[in-house]
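Below: one structure, written as structure tokens.
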């Protein structure tokens, strides 16, 4: 049975290198510190199953760190995609809200405002809301990144909202 002191004896000399490796995998220092703690805790729990004849301790730790970093990135990307989906749903609800589409005055104002946009801007909005295309599909059509498309859609919605509000208030 392996002793806790054996783990500490093996972990202490490689801790700095492990921390530097983790910092190369994650975007900021606080994430690296958190991940180092997770790796240490996982390694501590699994130390009894570590076989020094099959692999080197340092390599084993770096493997745990790599897996933790990948898991962390996947979790981050899932939350980002979820937020983008929520933003898109909110935008669709804003444009499709009963009170908004039922009002002829607002619909006329929206049509006027849409006509003030460039052809590409109009095509982008229609592609997203009429044709229900995703950002990455529009990105391919407009030869831009999906992120650039999402940013432009956000800005265009803002411009349209201000334009419609001004026309309705007149």
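Each value in this text was obtained by applying a stated rule to the coordinates, not by laboratory testing. If you're wondering where the values come from, they're calculated on a predicted model, not measured in any experiment. Don't worry about glycine lacking a Cβ; one is built from the backbone with ideal geometry, like all the others, and counts go over all protein chains shown.
Subtract the Cα-Cα distance of residue 162 and residue 34 from 0.36 nm times their separation in residues, and report this length gain in nm to one decimal.
Values: separation 128, 0.36 × 128 = 46.08 nm, distance 4.32 nm.
Difference between extended and current length: 41.8 nm.
Would you mind computing, in nm to one decimal, how far apart the modelled labels at residue 112 and residue 76 are, each placed 7 Å from Cα along Cα→Cβ?
Here the modelled spin labels are 4.6 nm apart.
Could you bin all the Cα-Cα distances of the range 97-169 into 10 Å bins starting at 0 and give me the percent of pairs in each, rounded to whole numbers?
Final binned percentages: 20, 49, 26, 6.
Calculate, in nm to one decimal, what residue 155 and residue 8 gain on full extension: separation in residues at 0.36 nm each, minus their alpha carbon distance. All intermediate terms of the calculation are to be shown ahead of the outcome.
Values: separation 147, 0.36 × 147 = 52.92 nm, distance 5.39 nm.
Extending this stretch completely gives an extra 47.5 nm.
At residue 130 and residue 23, where each label point lies 7 Å from the Cα along Cα→Cβ, what is the point-to-point distance in nanometres?
Using points 7 Å along Cα→Cβ, the separation is 5.4 nm.
What percent does the relative contact order of the range 4-79 come to when contacts are Cα pairs within less than 8 Å and at least six residues apart?
Details: 37 pairs, mean separation 28.4, N = 76.
Relative CO of the range 4-79 lands at 37 percent.
Please check which bits of the range 13-30 a label hung off residue 58 would reach, taking the label as a point 7 Å along Cα-to-C-beta and the cut-off as backbone N under 15 Å.
Once the point is set 7 Å along Cα→Cβ of residue 58, 13-22 turn out to lie under 15 Å by backbone N, inside the range 13-30.
Could you work out how far the C-alpha centroid of the range 114-169 sits from that of the range 10-65, in angstrom?
So the separation of the two Cα centres works out to 46 Å.
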